[in-house]
1. Taking the range 49-84 only, how many residues are touching a residue at least 40 places away in the same chain (Cβ under 8 Å), surrounded by fewer than 15 Cβ atoms within 10 Å (Cβ to Cβ) and either assigned to a loop (DSSP other than H, G, I, E, B) or not basic (Lys, Arg) (or both)?
2. Would you be able to tell me the number of residues in the range 86-106 that are under 23 Å from GLY159 (Cα atoms) and in contact with a Pro (Cβ under 9 Å, 6 or more places away or on another chain)?
3. Give the residues of the range 99-117 that are closer than 30 Å to ASP61 by Cβ and surrounded by fewer than 20 Cβ atoms within 10 Å (Cβ to Cβ), sorted by residue number.
4. Based on this model, can you work out whether PHE133 counts as of a type outside the set (A, V, I, L, M) and under 16 Å from the mean Cα position of the chain (by Cα)?
5. Specify which of the listed residues (ALA151, ALA200) is modelled with pLDDT of 90 or more, of a type outside the set (S, T, N, Q), part of a loop (DSSP other than H, G, I, E, B) and under 27 Å from PRO87 (Cα atoms).
Amino acid sequence: MIAFCPGCSQPMTARCGMQRVWHWAHRGNRNCDPWWEPETPWHRGWKDQFPEGWQEVIQRDEAGEKHIADVKTEYGLVIEFQHSHLPAQEMAAREVFHRNMVWVVDGTRLKRDRSRFLQGRRLFRLIPRTSIFITPSPEACFPIAWAKCTAPVFFDFEGVAATSEPSGPNPSMLWCLLPERVEGHAIVAALPASAFINAARKRAEIFPGQAILGMVATRFRYERALEASRWAYASPPRRRRPFRRSSRMRDA
């Protein structure tokens, strides 16, 4: 079976083997997008959460540079699913090219990543009545390369794409590291995978980023004011009365 690539119009061949996910491949070693990486079952599982027309969408910038987005929703949000290691320069280039985008990173690729996250999560501090956390050391639980992104990064430490029922009493969770910092603290949000998918299907952003930043900044101001009031209303230390010798002590 032969088809043609929508990006470069070159012929492609169906690969339907037993070892890898079925896919279309360029003949020989040619590939029309230098950002392309081999697709894994994790990739395909995530892509299939979205309509087929949103998958593998060709993007062009003002200069005519062309790349293929893993998913681009009808609201303009690009979702890039990343399994393999990504050089920092390419990471930054994709964020500039796609602009309104989020990453979904396979946190199960390296065995130590999940245990490292669970250990580093002890440093998280919850914003009351939310699923938002702050931490002074995001590099303690997330790969340091992703801690420098300018787009939100959702880490999948559970292999959510392989889960047929993402909702339920114990839903699979994604952990989002937002790119902004507030008073030196990173912001991390916990989100069920099903909520991520629903949000991407309905709007142009997963989280209201500016609202979250404002909420965290307000929390810091509140905590400082509360601490100051505690000091202001604290009882002053009692002054000791000067020692006076009694008459008995003087007569002794």
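1. 3
2. Qualifying residue count for the region: 4.
3. Hits for the range 99-117 are ARG99, ASN100, ARG109.
4. yes
5. Step by step, each of ALA151, ALA200 is checked, and only ALA151 is modelled with pLDDT of 90 or more, of a type outside the set (S, T, N, Q), part of a loop (DSSP other than H, G, I, E, B) and under 27 Å from PRO87 (Cα atoms).
The values are calculated or read from the model by the stated rules, or taken from the named source; none is laboratory data. Not measured: the values here are computed from a predicted model. Please note: Cβ atoms are built from the backbone with ideal geometry, for glycine as well, and neighbour counts cover all protein chains shown.
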